[in-house]
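The values are calculated or read from the model by the stated rules, or taken from the named source; none is laboratory data. None of the values given here were measured: they were computed from a predicted structure. Positions of Cβ are generated from backbone atoms using ideal geometry, with glycine treated the same way; all protein chains shown enter the neighbour counts. For accessibility, only protein heavy atoms count, side chains too; no ligands or nucleic acids. Shrake-Rupley method; radii C 1.70, N 1.55, O 1.52, S 1.80 Å.
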Amino acid sequence: MRDIKPQALRPVQLALSVSLALSAWPVLAQSSDKTQLETVTITAERRVENIKDVPTAVSTLSGEKLDVLASGGQDVRFLSGRVPSLNIESSFGRAFPRFYLRGYGNTDFRLNASQPVSLIYDDVVQENPILKGFPVFDVKSVEVIAGPQGTLFGRNTPGGVVKFDSVRPSKKQDGYISASYGTFGSATLEGAANLPLGGDWSARVSAQLQRRDDWVTNQVPNSPTSKTEGYEDRAVRLQALYEPNQGFSALFNLHNRELEGSPRLFRASIIKPGTNDLIAGFDPKKSYLNAKNEQTLHATGGSLRIKWALDGMTLHSITGIETVQPFSRADVDGGYILRVIPSNFKLPPYDKEGEVFFPVETSDALRDHRQLSQEVRLESSGNGPLRWQAGLYLFDERYTMESIDYLAAPADALVSTRQTNRAWAVFGSVNYRLSADLNLRGGLRYTQDKKNLSTTGKVNASAGTSASTDNNKVSWDLSGTYTLSPETNLYARVATGFRAASIYPASGFGPQSQARPETVTSYELGAKSEFWQRRGRLSATVFSYTVKDQQLTAVGGTQNVNTLLNASKGQGRGFELNLELLPTDNLLLTLGASYNDTEIKDRSLAMPPAGSGATMIGTPDAKGNYSIYGNPLPNAPKWIANLTARYSIPTADGNEYYIYTDWAYRSKVNFFLYRAVEFTGKPLTEGGLRVGYLWNNGKYEVAGFVRNITDKVVVNGAIDFNNLTGFINDPRTYGVQFKALF
């Protein structure tokens, strides 16, 4: 813990002190009201447990909060900032989200990019970044588990886990339907129902349709793209549960997603030179494209989860198959007015929207994708002080990436890259209760990971066109939980994690590159408390981690080359806070906050200046490059905070009016490894409001909602090789929603 700065510790020490003090509230409070917060149970350690008893930082989202946050028809990025230390962004739109926990993530936009934050949907790891965008609907809960988790989950999880659990089938004949309509012709139709099958079988079908009109009009005449930013996103999930007795169950899952629409809209010259402001007169409803923007995605997958109670233990088997075929074609330069490229790229950028140095129109696609995974896990089922679990994990993924440059000669346009990834791991953990107040846990994991890659087409072959990796590593974790009082637990945890080597394929823009494996060591200390006669719940965590040989992606610049590299060390430290309060029977408040101080610690790494004429921060060396030593990790805001408040107004006949507001804040972010004024994302605060009416014992609900209520629009991502090309968050939207339970 020596790496933690004293100034970062002080807020955490205060939070922990507050937690301990609040644990005394049940004694001091005189209220006789029995209304309490609901108990939160999670499966962060692969068992159903009270969140207070789990020795790691876990945040959850479920129920009404998920419905409210998704009101505007957004994709999985609506979760960004809604729990401490979680940031999600994308340069592909709805198809390819990139997750960051505690500032630890990966900005690589290639379709074979690996991410240190693992996304697990219904116990199956979604490894390829395209798989991580599956829509969120009919979900029981979302758990965000920070820090390395490899001794509990099959796939490598050095940065943490974002875990989705769908509502399971039951023999109750119930379900729901929800419909909404709003700004830009956005509409969502969603529903789920349990299907009566009789006997030992039950089934549930869930589906969602999200659509939005093309609301941005292209100002370039005769362009193949007249309007853009619309989409139609359809997803369905069918589950069947066979449960002949309490000791055996087999859950079948089949799911599909079909997406048609627009990729992320790149907008040239929208950043005012010398600032990170939007240019004067910027209109989100206008674009300047002279090429085609289109995106499609087909994804189908299935799984079989078996749970079988044996003598003193339980066997779990999770078999998964996923396939995905995305295609995304974009006017990457985002403009149409061509300027002569200055010989040294030092000419100040232009401030007229649509101006670019050179045109770029490309597409990326996956063909023949297939991911197979198999996890077998045994866990103890006794009631003694010792609990354990052990598992074997097998993983096999293969696919072909196809990139097309539409401005190249037809014979040189297509670049095809084939990659295979095979991995296996054994993992296990032991929990032992030393006393009524002290519980210890330790875990161990061995991973073997192999990749093979080969590229064909007209590419820069100076570093070769094929590569192979073969890595193995042992990782571990150790934690302890101490019961300070029936209401308050303290815990400490140290954990290590591992991410195998990555390969960046050769392209027409740059040579093949490779990054060595990275390892992370994380330290964590926290407290979890329920207080005020369970009208309050607080968790507070302080953490520090060091990534050795951290894999980074250098994007763009004057050389317009995307390159994988290793920093000898990356560091992060900070704290996280979650608070829930029920001050009165009718008012529920939640507050989340986090501080993440990240740094790149490698004096040997330096980047060429931005390729967009941006204003660089720092002093160049003799070669004109800028050191990135001490820079924050990309897309890692120091501060994240969120707030929700729900106030209900019961009526005499048992119905209810309510007002629900939610707010999320993130501080400024660095888009790239180097620092530049124009490529520093502004702080962003987005809020929502929902006003609704529930009647017939909550069976029916009608509501009006507003998202991004202040209409705050900023540059929240950029492309560095042309003229200050960026993209923005959605402006204010609003609509109405109706939901019925049956």
(message) I need the full set of residues from segment 298-323 which are among the hydrophobic types (A, V, I, L, M, F, W, C) and over 19 Å from residue 381 (Cα atoms), in order please.
(response) 299, 304, 321
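Table: residues versus (1) modelled with pLDDT of 95 or more; (2) among the hydrophobic types (A, V, I, L, M, F, W, C).
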site: 528; (1), (2): yes, no
site: 537; (1), (2): yes, no
site: 572; (1), (2): yes, no
site: 582; (1), (2): yes, yes
site: 589; (1), (2): yes, yes
site: 608; (1), (2): no, no
site: 611; (1), (2): no, no
site: 622; (1), (2): no, yes
(request) Would you be able to say whether some residue in segment 618-628 is of a type in the set (A, V, I, L, M, F, W, C) and surrounded by fewer than 22 Cβ atoms within 10 Å (Cβ to Cβ)? (result) yes
(message) Residues that are of a type in the set (Phe, Trp, Tyr), at pLDDT below 95, in a loop (DSSP other than H, G, I, E, B) and at positive phi: does segment 323-341 have at least one?
(response) no
(request) For segment 434-475, enumerate the residues that are assigned to a strand (DSSP E or B), among the small types (Gly, Ala, Ser) and open to solvent by 20 Å² or more (accessible area, probe 1.4 Å). (result) 442, 454, 466, 468
(message) With the structure loaded, tell me whether residue 324 is under 29 Å from the mean Cα position of the chain (by Cα) and open to solvent by 10 Å² or more (accessible area, probe 1.4 Å) or whether it fails that test.
(response) no
(request) Scan segment 479-513 for residues that are assigned to a strand (DSSP E or B) and of a type in the set (Ser, Thr, Tyr) and jot them down. (result) 479, 481, 482, 483, 485, 488, 491, 496, 502, 504, 513
(request) Kindly indicate whether residue 665 is surrounded by 18 or more Cβ atoms within 10 Å (Cβ to Cβ) and either over 30 Å from residue 176 (Cβ atoms) or in contact with an Asp or Glu (Cβ under 9 Å, 6 or more places away or on another chain) (or both). (result) no
(request) Only residues in segment 551-580 that are in contact (Cβ under 8 Å) with a residue 12 or more places away in the chain and within 26 Å of residue 86 (Cβ to Cβ) count as the first member; pair them with residues that are outside any strand (DSSP E or B) and of a type in the set (Val, Ile, Thr), Cβ under 7 angstrom, at least 6 apart or cross-chain, and list the lot. (result) 553/107; 555/107; 562/555; 573/4; 575/12
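Under the condition of being open to solvent by 50 Å² or more (accessible area, probe 1.4 Å) and within 29 Å of residue 125 (Cα to Cα), which residue from segment 175-204 is modelled with the lowest pLDDT?
195
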(request) Could you tell me whether any residue of segment 283-302 is out of contact with any strand residue (DSSP E or B) (no Cβ under 8 Å at 6 or more places or on another chain) and under 19 Å from residue 184 (Cα atoms)? (result) yes
(message) Checking the condition in a loop (DSSP other than H, G, I, E, B), touching a Gly at 6+ places or on another chain (Cβ under 9 Å) and modelled with pLDDT of 95 or more, which residue from 635, 642 passes?
(response) 635
(request) Of all residues in segment 645-663, count the ones that are part of a strand (DSSP E or B) and of a type in the set (Asp, Glu). (result) 2
(message) On the basis of being open to solvent by 20 Å² or more (accessible area, probe 1.4 Å), out of contact with any Cys (no Cβ under 6 Å at 6 or more places or on another chain) and hydrophobic (A, V, I, L, M, F, W, C), does residue 70 make the cut?
(response) yes
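Could you check, for segment 151-160, whether at least one of its residues is more than 27 Å from residue 730 (Cβ to Cβ), touching a strand residue (DSSP E or B) at 6+ places or on another chain (Cβ under 9 Å) and open to solvent by 10 Å² or more (accessible area, probe 1.4 Å)?
yes
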(request) Pick out the one residue from 187, 203, 192 that is in contact with an Asp or Glu (Cβ under 6 Å, 6 or more places away or on another chain), more than 30 Å from residue 449 (Cβ to Cβ) and assigned to a strand (DSSP E or B). (result) 192
(request) Answer with yes or no whether residue 631 is open to solvent by less than 40 Å² (accessible area, probe 1.4 Å), closer than 19 Å to residue 555 by Cα and either in contact with a helix residue (DSSP H, G or I) (Cβ under 9 Å, 6 or more places away or on another chain) or polar (S, T, N, Q) (or both). (result) yes
(request) Determine if segment 718-725 includes at least one residue that is surrounded by 21 or more Cβ atoms within 10 Å (Cβ to Cβ), under 23 Å from the mean Cα position of the chain (by Cα) and at pLDDT 95 or above. (result) no
(message) Just to be sure before I move on: is residue 686 surrounded by 15 or more Cβ atoms within 10 Å (Cβ to Cβ) and part of a strand (DSSP E or B) in the structure I sent?
(response) yes
(request) Could you tell me which numbered condition residue 407 fails, if it satisfies all but one of (1) free of Cβ contacts under 8 Å to residues at least 60 places away in the same chain; (2) outside any loop (DSSP other than H, G, I, E, B); (3) of a type outside the set (Lys, Arg); (4) open to solvent by 50 Å² or more (accessible area, probe 1.4 Å)? (result) (2)
(request) Report, by residue number, each residue of segment 160-174 that is on the phi < 0 side of the Ramachandran plot and either assigned to a strand (DSSP E or B) or touching a Lys or Arg at 6+ places or on another chain (Cβ under 9 Å) (or both). (result) 161, 162, 163, 164, 165, 166, 167, 168, 169, 170
(request) Return yes when residue 237 is open to solvent by 70 Å² or more (accessible area, probe 1.4 Å) and either outside any loop (DSSP other than H, G, I, E, B) or closer than 28 Å to residue 300 by Cα (or both) and no when it is not. (result) no
(message) What pairs come out if I take residues in segment 94-106 that are without any contact (Cβ under 8 Å) to a residue 12 or more places away in the chain and pair them with residues that are aliphatic (A, V, I, L, M) and buried (at least 24 other Cβ atoms within 10 Å of the Cβ) whose C-beta lies under 8 Å away, six or more apart or interchain?
(response) none
(message) Please go through segment 161-174 and give me each residue that is farther than 30 Å from residue 116 by Cβ and either among the hydrophobic types (A, V, I, L, M, F, W, C) or open to solvent by 20 Å² or more (accessible area, probe 1.4 Å) (or both), ordered by number.
(response) 170, 171, 172, 173, 174
(request) Could you please give the count of residues in segment 131-150 that are open to solvent by 10 Å² or more (accessible area, probe 1.4 Å) and among the basic types (Lys, Arg)? (result) 1
(message) What are the pairs with Cβ atoms under 6 angstrom where one residue, in segment 439-452, is aliphatic (A, V, I, L, M) and the other, located anywhere, is open to solvent by 30 Å² or more (accessible area, probe 1.4 Å)? Sequence gap at least six, or different chains.
(response) 440/432; 444/476
